[in-house]
Amino acid sequence: MEETVKILALGGLDEAGKDCYLVDIAGEIYVIGCGLRYPDKTMPGVDYVIPDCTYLIENKSRVKAYFLLHGHEDELGGLVYLYESAPAPIYGSDVTLAMLRLFAEKVGKGNVSFDVRPVEPTSTFKVGGRTCHFFQTAHSIARSSGLSIDTSLGHVVFTGDFVVENSADPNYLHDINAIARLAETPTLVLLSESGYAEKPGYTAPRHRLSHHVESAVKDAPGRTFAALFSSNYFNIEELIRIARATKKKIIPYDEETSSLLKAAQEVGQLQIPKENFAPYEDLNRLRDQDVLVLLLGSGRELFGKIALLAAGTNETHKCYLRESDLFLMAAPGSDNTEIEATDALDELYRSGCHVISLSKKDVLRMHASEEDLRMMAALLKPRFYLPVKGFYKDLLANARLISTMGIGLTHRNIIILDDGITAIFDKTGVRTMDEGVKHGNLLIDGIGIGDVGKEVIKDRERLSGGAILIGITISRKRKAVLAGPEIEMRGLAYLKETEPIRREIAKIAETALQEGLRKSVPDLNQIKGEIYDKSVRYLRGRCQMEPMILPLLVEVA
């Protein structure tokens with residue numbers, strides 16, 4: 001009997017990160033990834049953004065498995081928060097499942113009992129009665145995989161995050177033989193990542209760091225400092241190999257870096273020989289030429305760390321850059337962190353040390369470029385093609401690229417979906433349908449899930465511009481102001497004319513109070529609204545600001 005296959009995304013389409021894809025085969029749901037993305041500047045106070053998985057919770061009896069294809073948080077971070085509400089076996093490599101546990105402990109979910117099923121990065125295994133295949137891919141974290149699920153219509157194949165890599169390192173193997181074996185039987189639909197679909201050529205070897213920095217590290221007259229994103233284990237391993245070759249001691253800059261290196265070694269992700277490692281306390285005991293200080297972190301946090309070091313203002317680390325030092329900036333800023341990255345780089349140049357700054361063009365992330373995508377499609381020759389993982393422009397670029405290959409993929413069988421829209425495959429072909437699947441963002445604030453709404457975010461944005469508290473004691477019975485207005489201003493101290501502003505807001509509050517108290521039945525909420533509205537209009541005109549304004553009326557008899 002021919003099966004019906006449905007594919008939809010709860011996250012990962014028209015965005016970067018938060019990947020969560022569902023394959024529904026004859027009523028059984030298989031979930032590929034359940035990740036997170038980091039908040040942008042419009043989400044103050046938010047730690048992570050995860051998919052709204054209400055649909056999975058409502059259909060948890062049909063969820064047969066979660067497949068985690070690599071160990072980054074965009075692949076597994078959301079599952080930590082969802083799992084207890086919709087449990088099912090989790091399949092992934094040993095490294096991937098170890099990173100799931102580490103992230104769970106990091107965010108206070110270490111007590112969650114995950115049903116994990118370790119499998120090799122290239123392997124064939126059964127989920128229930130259905131055959132599934134992992135094929136190893138080369139990504140920036142070790143032992144990553146792609147996935148194929150067997151159906152009566154053909155394979156459903158997810159490439160995962162990958163590059164065509166010819167490295168001999170078994171942790172970063174692009175297993176072309178395993179992919180070729182899959183190609184011996186028909187592929188129904190191929191889902192390929194899209195972020196680099198407009199980059200010509202292959203990603204390899206442009207993802208490699210070594211040839212940019214190896215000679216500089218070897219010939220550095222003083223200490224070497226290197227900043228990298230903590231998720232980029234491939235480049236971290238490159239630096240470790242360079243340190244070993246040049247007989248330098250790797251020193252973690254802070255507790256976070258030390259913990260990351262320790263955790264990565266425990267799960268077999270990194271190997272640092274004892275003779276190439278030293279604690280931070282040894283920084284000033286070793287010969288300068290024998291030192292490589294490693295700074296790891298993510299996004300704004302890492303750039304803040306670099307800026308403090310460069311400016312010599314890190315109170316917990318009395319370390320100052322010297323003119324003889326070499327600083328490798330191997331963590332280019334993204335669209336959300338460009339300002340912080342630029343500020344950190346500016347401080348580095350001000351310090352006088354020698355700086356090597358590698359841009360996004362110098363060292364590519366380990367994602368598939370044009371020729372990587374072409375090779376995967378050419379090998380598998382799918383009946384249908386579905387671009388995933390990227391903004392709409394990336395999905396469209398991926399679709400256009402594959403449509404030019406001449407392998408029978410055109411606008412008729414290349415499908416671009418939005419989150420929540422279902423592609424339905426059966427023996428007649430494919431159709432898309434909005435089945436009303438709930439999707440969207442859940443905001444994680446501390447350990448709270450989804451309890452940060454738009455109004456809270458709006459209030460935080462206002463607080464970022466400062467706050468003004470207006471305190472007044474009144475008597476409605478006597479229709480009189482008994483004390484105040486007392487004006488407290490926070491976050492506005494940089495304004496040169498603070499005192500005149502304070503006097504004007506007090507005058508606005510007094511006028512609104514007098515007018516309101518003259519009414520036969522004074523309405524305190526209406527009075528507070530008048531104070532707020534008039535104060536906002538005044539501040540917009542006077543200093544082009546809109547801080548949080550909190551009128552507080554205390555009523556006594």
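The values are calculated or read from the model by the stated rules, or taken from the named source; none is laboratory data. Computed from a predicted model, the values in this text were never measured in an experiment. Counting neighbours? That spans all protein chains shown, and the Cβs are built from the backbone with ideal geometry, glycine included.
Okay, here's what the table says:
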{"read-out": "Failed criterion for Ile457 (all others in (1) modelled with pLDDT under 90; (2) assigned to a loop (DSSP other than H, G, I, E, B); (3) under 29 Å from the mean Cα position of the chain (by Cα) hold)", "value": "(2)"}
{"read-out": "Residues satisfying the stated conditions in the stretch 389-414, i.e. under 24 Å from Leu22 (Cα atoms), of a type in the set (S, T, N, Q) and part of a helix (DSSP H, G or I)", "value": "Asn398"}
{"read-out": "Options Ala138, Ala104: the member that is more than 14 Å from Asp372 (Cα to Cα) and in contact with a helix residue (DSSP H, G or I) (Cβ under 6 Å, 6 or more places away or on another chain)", "value": "Ala104"}
{"read-out": "Residue match in the stretch 496-506 (condition: modelled with pLDDT of 75 or more and within 28 Å of Leu443 (Cβ to Cβ))", "value": "no"}
{"read-out": "Filtered residue count, the stretch 264-285, keeping only those that are touching a residue at least 60 places away in the same chain (Cβ under 8 Å) and surrounded by fewer than 18 Cβ atoms within 10 Å (Cβ to Cβ)", "value": "2"}
{"read-out": "So Pro382, is it under 30 Å from Gly440 (Cα atoms), at pLDDT 95 or above and part of a loop (DSSP other than H, G, I, E, B)", "value": "yes"}
{"read-out": "So Glu193, is it over 18 Å from Asp325 (Cβ atoms), of a type in the set (D, E, K, R) and within 26 Å of the chain's Cα centre (by Cα)", "value": "yes"}
{"read-out": "So Thr203, is it farther than 22 Å from Asp325 by Cα, surrounded by 17 or more Cβ atoms within 10 Å (Cβ to Cβ), modelled with pLDDT of 90 or more and β-branched (Val, Ile, Thr)", "value": "yes"}
{"read-out": "Restricting the stretch 110-129 to residues that are modelled with pLDDT of 95 or more and in contact with a helix residue (DSSP H, G or I) (Cβ under 8 Å, 6 or more places away or on another chain), the residue that is surrounded by the fewest Cβ atoms within 10 Å (Cβ to Cβ)", "value": "Pro118"}
{"read-out": "Neighbours by Cβ (under 8 Å, 6+ apart or cross-chain): first from the stretch 286-315, of a type in the set (S, T, N, Q); second surrounded by fewer than 23 Cβ atoms within 10 Å (Cβ to Cβ) and assigned to a strand (DSSP E or B)", "value": "Ser298/Phe229"}
{"read-out": "Qualifying positions in the stretch 135-168 - closer than 15 Å to Leu191 by Cβ and assigned to a strand (DSSP E or B)", "value": "Phe135, Thr137, Ser145, Gly146, Leu147, Ser148, Ile149, His155, Val156, Val157, Phe158"}
{"read-out": "Verdict on Ala88 being at pLDDT 95 or above and surrounded by fewer than 24 Cβ atoms within 10 Å (Cβ to Cβ)", "value": "yes"}
{"read-out": "Yes/no for Ser351 being touching a helix residue (DSSP H, G or I) at 6+ places or on another chain (Cβ under 7 Å) and closer than 26 Å to Arg206 by Cβ", "value": "no"}
{"read-out": "Among (1) modelled with pLDDT of 90 or more; (2) buried (at least 19 other Cβ atoms within 10 Å of the Cβ); (3) under 30 Å from Ile149 (Cβ atoms), the one test that Ala243 misses", "value": "(3)"}
{"read-out": "One residue from Leu69, Leu79 being buried (at least 24 other Cβ atoms within 10 Å of the Cβ) and touching a His at 6+ places or on another chain (Cβ under 9 Å)", "value": "Leu69"}
{"read-out": "Those residues of the stretch 324-355 which are surrounded by fewer than 17 Cβ atoms within 10 Å (Cβ to Cβ) and touching a Leu at 6+ places or on another chain (Cβ under 9 Å), in sequence order", "value": "Gly352"}
{"read-out": "All positions within the stretch 151-174 that are surrounded by fewer than 18 Cβ atoms within 10 Å (Cβ to Cβ) and acidic (Asp, Glu)", "value": "Asp169"}
{"read-out": "Tally of residues being of a type outside the set (D, E, K, R) and under 22 Å from the mean Cα position of the chain (by Cα) across the stretch 399-433", "value": "2"}
{"read-out": "Residue in the stretch 302-321 that is surrounded by 22 or more Cβ atoms within 10 Å (Cβ to Cβ), in contact with a His (Cβ under 9 Å, 6 or more places away or on another chain) and more than 26 Å from Thr159 (Cβ to Cβ) present", "value": "yes"}
{"read-out": "Selected residue [assigned by TED's automatic domain parsing to the domain that holds Asp161 and touching a helix residue (DSSP H, G or I) at 6+ places or on another chain (Cβ under 6 Å)] from Ile402, Ile407, Ile415, Ile421", "value": "Ile402"}
{"read-out": "Qualifying positions in the stretch 65-98 - assigned to a loop (DSSP other than H, G, I, E, B) and under 23 Å from Met366 (Cβ atoms)", "value": "Leu68, Leu69, His70, Gly71, His72, Ser93"}
{"read-out": "Qualifying residue in the stretch 210-220 (condition: of a type in the set (Gly, Ala, Ser), in a loop (DSSP other than H, G, I, E, B), touching a helix residue (DSSP H, G or I) at 6+ places or on another chain (Cβ under 6 Å) and not assigned by TED's automatic domain parsing to the domain that holds Phe162)", "value": "no"}
{"read-out": "Strands (runs of 3 or more DSSP E) lying entirely in the stretch 241-333 (those with 1 or more residues that are more than 23 Å from His207 (Cα to Cα) and β-branched (Val, Ile, Thr))", "value": "249-252, 291-297"}
{"read-out": "Lone unmet requirement of (1) of a type outside the set (Val, Ile, Thr); (2) more than 24 Å from His439 (Cβ to Cβ); (3) in contact with a Cys (Cβ under 7 Å, 6 or more places away or on another chain) for Glu120", "value": "(3)"}
{"read-out": "Any hit, the stretch 149-156, residues being at pLDDT 95 or above and among the charged types (D, E, K, R)", "value": "yes"}
{"read-out": "Residues (assigned to a loop (DSSP other than H, G, I, E, B) and either closer than 20 Å to Lys64 by Cβ or over 17 Å from the mean Cα position of the chain (by Cα) (or both)) located in the stretch 13-29", "value": "Asp19, Ala26, Gly27"}
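Conditions (1) among the hydroxyl-bearing types (Ser, Thr, Tyr); (2) without any contact (Cβ under 8 Å) to a residue 60 or more places away in the chain; (3) within 24 Å of Thr432 (Cα to Cα); (4) out of contact with any strand residue (DSSP E or B) (no Cβ under 8 Å at 6 or more places or on another chain), marked per residue:
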| residue | (1), (2), (3), (4) |
| --- | --- |
| Glu15 | no, no, yes, no |
| Tyr48 | yes, no, no, no |
| Glu58 | no, yes, yes, yes |
| Asp74 | no, yes, no, no |
| Gly78 | no, no, no, no |
| Ile90 | no, yes, no, no |
